[in-house]
Amino acid sequence: MIRVLVVDDSPSFVSFIQEVLNNEEDIQVVGVAKHGMQAVSLAKKLNPDVITMDILMPQLDGVEAIRHIMAKHPTRIIVLSALVDEKRAGKVFTALANGALEALDKNFAEDGIVVQEKVDALVECVRPCAKIRVIIHSLMNVENTL
């Protein structure tokens, strides 16, 4: 069973992701965090195989949460963000540089209709990511207060 921690401050998006992932026989959402600080804490406590991480969140954004998680408790991270476009991709590239494995657009619907190909892409990203060996990344320019 692939254990997933979902990190996003949108309750409706979290519910959607939980439903998508929990419908798979080999994937289970084991926890939810509403911001980066919770993500850092739950990554250590729950020891998930994969974390889905939003970038823009209160208290500690996704990039900083990724930096802390990868320095203290390395985990496979998939960024799910609306920032995955040409104009705003800087934060996503920073997340990838700090240890995230993949970045997917979190807009799973077009004109109010869920695009099944995007849902399938998420599910098919979780499975191989769960098998990747992760390493500790050093904390550069980050306070070690978490």
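Checking 92, 134 one by one, the residue that is under 20 Å from residue 48 (Cα atoms), open to solvent by less than 50 Å² (accessible area, probe 1.4 Å) and either at pLDDT below 90 or in a strand (DSSP E or B) (or both) is 134 and no other. Listed by first and then second residue, the pairs with beta-carbon distance under 7 Å, at least 6 apart or on different chains, first residue in the stretch 36-50 and open to solvent by less than 70 Å² (accessible area, probe 1.4 Å), second among the hydroxyl-bearing types (Ser, Thr, Tyr) and in a loop (DSSP other than H, G, I, E, B), are 43/75; 48/75. Within the stretch 97-131, the set of residues being at pLDDT below 90, assigned to a loop (DSSP other than H, G, I, E, B) and open to solvent by 70 Å² or more (accessible area, probe 1.4 Å) comprises 107, 111, 112. The C-beta contact set for the stretch 63-74 (first residue β-branched (Val, Ile, Thr), second residue crowded, with 24+ Cβ neighbours inside 10 Å and assigned to a helix (DSSP H, G or I), distance under 6 angstrom, 6+ apart or interchain) comprises 63/95; 66/95; 69/43. For residue 9, the conditions (1) open to solvent by less than 40 Å² (accessible area, probe 1.4 Å); (2) farther than 19 Å from residue 99 by Cβ; (3) in contact with a Lys or Arg (Cβ under 7 Å, 6 or more places away or on another chain) all hold with the exception of (1).
The values are calculated or read from the model by the stated rules, or taken from the named source; none is laboratory data. Please read these numbers as outputs of a predicted model, since none were measured by experiment. Positions of Cβ are generated from backbone atoms using ideal geometry, with glycine treated the same way; all protein chains shown enter the neighbour counts. Ligands, DNA and RNA are excluded from the accessible area calculation, which covers all protein heavy atoms including side chains. Shrake-Rupley method; radii C 1.70, N 1.55, O 1.52, S 1.80 Å.
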